[in-house]
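Undergrad: Following this message is one structure expressed as structure tokens.
The values are calculated or read from the model by the stated rules, or taken from the named source; none is laboratory data. This is a predicted model, so every value here is computed, not measured. Cβ sites come from the backbone with ideal geometry, for glycine too, and all protein chains shown count toward neighbours. Accessible surface areas use protein heavy atoms only, side chains included; no ligands, DNA or RNA. Shrake-Rupley method; radii C 1.70, N 1.55, O 1.52, S 1.80 Å.
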Amino acid sequence: VQLQASGGGLVQAGDSLRLSCRASGSTPIKYGMGWFRQAPGKEREFVAAFSWTGSSTYYADSVKGRFTVSRDNAKNTVYLQMNSLKPEDTAVYYCAARSAYRTPLSSEGSYDYWGQGTLVTVSS
């Protein structure tokens, strides 16, 4: 299983950006997929995730109402739509996948596979 994240870039505060995470080698989008981010000098933190069945989504409080996860099974791709971006959203964003049912969704330890990360920079 390989995850390829893309879509990062430099934007201004208030702009939108959509990240993509394409899975290859298997069909991990049938697994619970999640997004994490790591800001400079900080630990990696949970952003959003699908439930194990994919029927529900969960978000960190800091992004709730601004970010949305979605998926395209035909393309083996999950997306993170980020609206109303703020300078504090600046980070390297990682997609991740779980190969088994594990909780909590917000824990890095629940995920087996990780993408390489894509940098999002939001200027004020």
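Undergrad: Applying the Karplus parametrisation 6.51 cos²θ - 1.76 cosθ + 1.60 with θ = phi - 60° to the phi angles of the stretch 32-41, what ³J(HN,Hα) value in whole Hz is obtained for each residue in order, glycine and proline being reported as x?
TA: x, 9, x, 10, 10, 8, 9, 7, x, x
Undergrad: Could you work out how much longer the chain between S51 and Q38 gets when fully extended? Use 0.36 nm per residue separation minus the Cα distance between them, nm to one decimal. Intermediate results must be reported in sequence, preceding the final value.
TA: Working: separation 13, 0.36 × 13 = 4.68 nm, distance 2.17 nm.
Stretched out fully, the S51 to Q38 stretch lengthens by 2.5 nm.
Undergrad: With every protein chain kept in place and ligands, DNA and RNA left out, what is the accessible area per residue of the chain? Probe 1.4 Å, answer in Å². Could the numbers behind the result be given before it?
TA: Working: 6160 Å² over 124 residues.
Value for the chain: 50 Å² per residue.
Undergrad: Shifting gears a bit: State the Cα centre-to-centre distance between the stretch 1-66 and the stretch 83-99 in whole Å.
TA: A separation of 6 Å, based on Cα centres.
Undergrad: Calculate, axis by axis, the spread of Cα positions in the chain along the three principal axes, and write the results as whole Å, longest axis first.
TA: 40, 27, 25
Undergrad: Compute the length gained on full extension between E108 and S84: take 0.36 nm times their separation in residues and subtract their Cα-Cα distance, giving the result in nm to one decimal. Please report the intermediate quantities before stating the final value.
TA: On the way: separation 24, 0.36 × 24 = 8.64 nm, distance 2.58 nm.
My answer for the length gained is 6.1 nm.
Undergrad: Please compute the contact order of the chain in relative form: average sequence separation of alpha-carbon pairs under 8 Å and at least six residues apart, divided by the residue count, as a percent. Show your work: numbers first, answer last.
TA: Details: 315 pairs, mean separation 44.2, N = 124.
The value is 36 percent.
Undergrad: Please report the antiparallel percentage of DSSP beta bridges with both residues in the chain, rounded to the nearest 5.
TA: On the way: 35 of 39 bridges.
Rounded to the nearest five, the antiparallel share is 90 percent.
Undergrad: Rounded to a whole number, what % of the accessible area of the chain do carbon and sulfur atoms account for, probe 1.4 Å? The partial results should precede the final answer.
TA: Working: 2760 of 6160 Å².
Exposed carbon and sulfur together represent 45 percent of the surface.
Undergrad: Right, another one. Cα atoms only, the stretch 60-104: Rg and Dmax in Å?
TA: Cα-based Rg and Dmax for the stretch 60-104 come out at 12.7, 35 Å.
Undergrad: What dipole magnitude, in Debye to the nearest 20, does the chain give about its Cα centre under +1 on Lys/Arg Cβ and -1 on Asp/Glu Cβ?
TA: On the way: 13 positive and 9 negative charges, 58 e Å.
Charge dipole of the chain: 280 debye, to the nearest 20.
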